[in-house]
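The values are calculated or read from the model by the stated rules, or taken from the named source; none is laboratory data. Keep in mind that this is a model prediction, so the values were computed, not measured. Quick reminder, even Gly has a Cβ in these numbers, built from the backbone with ideal geometry, and neighbours come from all protein chains shown.
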Amino acid sequence: METKVIALTNNHLLISQIEEVAAAVPGEPDCKLVSPFVINTETGQTVLEPFLNGITKDDTVMLSSDKILTLVDPTPTLLEKYQDLIKE
């Protein structure tokens with residue numbers, strides 16, 4: 001599984017391990033995000049917050065690929081910060 005920064009069509013940024021899965025029915029979610037975190041840079045610092053924090057404790061989320069604008073590799077600093085969080 002690769003770790004990617006995911007830019008969503010709603011302008012949110014996530015960092016997550018991602019795996020493409022076959023959708024049984026067209027339109028069903030086809031991307032499996034494992035340990036997704038929201039990247040928040042509003043304060044001038046990069047803060048990682050669990051995706052859907054306070055709503056679910058699940059660490060695996062299914063997402064439709066049509067909600068993804070692009071996928072890119074994280075910077076080494078961001079990747080290290082993310083890996084430290086998911087080790088806990």
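A few points about this structure:
- Number of residues in the stretch 1-29 that are loosely packed, with under 15 Cβ neighbours inside 10 Å and either assigned to a loop (DSSP other than H, G, I, E, B) or acidic (Asp, Glu) (or both): the value is 16.
- Residue match in the stretch 46-69 (condition: touching a residue at least 60 places away in the same chain (Cβ under 8 Å), out of contact with any helix residue (DSSP H, G or I) (no Cβ under 6 Å at 6 or more places or on another chain) and assigned to a strand (DSSP E or B)): yes
- Answer residue from the stretch 30-45, given it is in a loop (DSSP other than H, G, I, E, B) and out of contact with any Ser or Thr (no Cβ under 9 Å at 6 or more places or on another chain) and is surrounded by the most Cβ atoms within 10 Å (Cβ to Cβ) among those: Thr41
- Selected residue (criterion: farthest from Pro76 (Cα to Cα)) from residues of the stretch 3-31 that are at pLDDT below 95 and charged (D, E, K, R): Glu28
- If the condition is being of a type in the set (Val, Ile, Thr) and in contact with a strand residue (DSSP E or B) (Cβ under 6 Å, 6 or more places away or on another chain), then the stretch 42-67 contributes Val47, Thr60, Val61.
- Residue check, Leu85 in a strand (DSSP E or B) and in contact (Cβ under 8 Å) with a residue 40 or more places away in the chain: no
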